[in-house]
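S.K.: Just dropping this structure here.
The values are calculated or read from the model by the stated rules, or taken from the named source; none is laboratory data. Keep in mind it's a predicted model, so treat the numbers as computed, not measured. Virtual Cβ from ideal backbone geometry, glycine too; neighbours counted across all protein chains shown.
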Amino acid sequence: MTTAHDGAPRDGAPQPTVPPSAAPHTAVPQRGATQLRWLEGDLERARAIRIEVFCGEQGVLLEEELDDIDERAHHVVVENNAGEALGAARVYATTEGIVHLGRVCVRPSARGLGIGRFLCEAAAQIALREFGHAGQVRIVLDAQEDKIGFYRALGYELTTRGPFLDARIWHREMARIVSAG
């Protein structure tokens with residue numbers, strides 16, 4: 001089932017509503033008058049964006065991109081007011097209880113508009129709702145090295161794990177604690 005949530009702007013960048021079940025609000029990116037909302041559970045559209053970005057742009061093999069985690073993950077798709085899907089991500093807990101944000105991607109035509117931030121904050125709220133304890137959750141992600149600055153701006157910090165290759169792309173592990181309120 002797909003669930004829609006609208007976000008509210010904070011400091012000029014779109015952010016998801018907290019909690020996701022709250023009354024809808026609109027979000028306006030820094031450039032233009034496009035309203036954004038995030039949808040939960042739309043695996044088909046999430047996969048389409050991931051294939052476009054990771055396989056089409058970055059050369060990741062389809063069999064590396066699609067995995068069994070998709071079946072148990074919470075998927076987020078950000079769309080504009082015309083219903084066009086612009087970005088996607090997934091969040092899930094590993095068998096060890098680690099909450100992981102991954103497969104974060106934004107279509108090339110939608111980059112630079114705050115959609116990545118909106119997407120990551122929506123995923124963080126899902127993680128808090130689904131996996132949080134005592135009003136907080138620690139989220140771990142594997143950032144492509146050229147995206148570390150983006151995630152730092154969202155409050156993620158590098159962990160002690162060194163650089164590693166995933167699908168022939170260098171990554172670093174980062175983490176952030178998200179709190180309710």
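S.K.: Where residues in the range 48-64 are without any contact (Cβ under 8 Å) to a residue 24 or more places away in the chain and not acidic (Asp, Glu), which of them is nearest to residue 90 (Cα to Cα)?
M.R.: 51
S.K.: Just give me the residues in the range 69-98 being more than 13 Å from the chain's Cα centre (by Cα), under 23 Å from residue 148 (Cβ atoms) and among the hydrophobic types (A, V, I, L, M, F, W, C), in sequence order.
M.R.: Selection gives 69, 98.
S.K.: Okay, moving on. Give me the strands (runs of 3 or more DSSP E) completely within the range 77-181, filtered to those with at least 1 residues that are in contact with a strand residue (DSSP E or B) (Cβ under 9 Å, 6 or more places away or on another chain) and among the small types (Gly, Ala, Ser), ordered by residue number. Don't jump to the end; show me each part of the working.
M.R.: Working: elements: 85-93, 99-106, 136-144, 164-166, 169-179.
So the answer is 85-93, 99-106, 136-144, 169-179.
S.K.: I would also like to ask the following. Scan the range 140-147 and tell me whether some residue there is in contact (Cβ under 8 Å) with a residue 40 or more places away in the chain, aliphatic (A, V, I, L, M), closer than 24 Å to residue 55 by Cα and touching a helix residue (DSSP H, G or I) at 6+ places or on another chain (Cβ under 8 Å).
M.R.: Yes, the range 140-147 contains at least one residue that is in contact (Cβ under 8 Å) with a residue 40 or more places away in the chain, aliphatic (A, V, I, L, M), closer than 24 Å to residue 55 by Cα and touching a helix residue (DSSP H, G or I) at 6+ places or on another chain (Cβ under 8 Å).
S.K.: Write out, first by first residue and then by second, each pair whose Cβ atoms fall under 9 Å of each other, whose residues are 6+ apart or on separate chains, and whose first residue, in the range 155-181, is of a type in the set (S, T, N, Q) while the second is loosely packed, with under 15 Cβ neighbours inside 10 Å.
M.R.: From the range 155-181, the pairs are 179/135; 179/136.
S.K.: Taking the condition of being surrounded by 13 or more Cβ atoms within 10 Å (Cβ to Cβ) and either under 17 Å from residue 165 (Cβ atoms) or in contact (Cβ under 8 Å) with a residue 40 or more places away in the chain (or both), how many residues in the range 65-74 meet it? Give the derivation first.
M.R.: As a first pass, look at the range 65-74 and keep what is surrounded by 13 or more Cβ atoms within 10 Å (Cβ to Cβ): 65-66, 69-70, 73-74.
If we keep only those that are either under 17 Å from residue 165 (Cβ atoms) or in contact (Cβ under 8 Å) with a residue 40 or more places away in the chain (or both) too, we end up with 65, 74.
So the count comes out to 2.
S.K.: From 169, 139, 126, grab the single residue that is among the aliphatic types (A, V, I, L, M), modelled with pLDDT of 95 or more, within 27 Å of residue 71 (Cα to Cα) and touching a Lys or Arg at 6+ places or on another chain (Cβ under 6 Å).
M.R.: Values: 169 fails: touching a Lys or Arg at 6+ places or on another chain (Cβ under 6 Å); 126 fails: touching a Lys or Arg at 6+ places or on another chain (Cβ under 6 Å).
From the options 169, 139, 126, the qualifying one is 139.
Matching residues to (1) within 16 Å of residue 107 (Cβ to Cβ); (2) aromatic (Phe, Trp, Tyr); (3) touching a Cys at 6+ places or on another chain (Cβ under 7 Å):
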position: 35; (1), (2), (3): no, no, no
position: 38; (1), (2), (3): yes, yes, no
position: 44; (1), (2), (3): yes, no, no
position: 54; (1), (2), (3): yes, yes, yes
position: 64; (1), (2), (3): no, no, no
position: 76; (1), (2), (3): yes, no, no
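S.K.: Related question: Restricting attention to the range 110-125, does a residue exist that is more than 14 Å from the chain's Cα centre (by Cα), without any contact (Cβ under 8 Å) to a residue 40 or more places away in the chain and surrounded by fewer than 13 Cβ atoms within 10 Å (Cβ to Cβ)?
M.R.: The answer is no; no qualifying residue exists.
S.K.: Against the condition surrounded by 20 or more Cβ atoms within 10 Å (Cβ to Cβ) and more than 18 Å from residue 42 (Cα to Cα), how does residue 153 come out, does it pass? Outline the logic, then answer.
M.R.: Values: surrounded by 20 or more Cβ atoms within 10 Å (Cβ to Cβ): no; more than 18 Å from residue 42 (Cα to Cα): yes.
For residue 153, the condition - surrounded by 20 or more Cβ atoms within 10 Å (Cβ to Cβ) and more than 18 Å from residue 42 (Cα to Cα) - is not met.
S.K.: Limited to the range 96-139, what total is found for residues that are more than 15 Å from residue 54 (Cβ to Cβ) and of a type in the set (D, E, K, R)?
M.R.: The qualifying residues number 6.
S.K.: Considering only residues that are at pLDDT 95 or above and of a type in the set (A, V, I, L, M, F, W, C), look in the range 94-109 and name the one that is farthest from residue 44 (Cα to Cα).
M.R.: The residue in question is 99.
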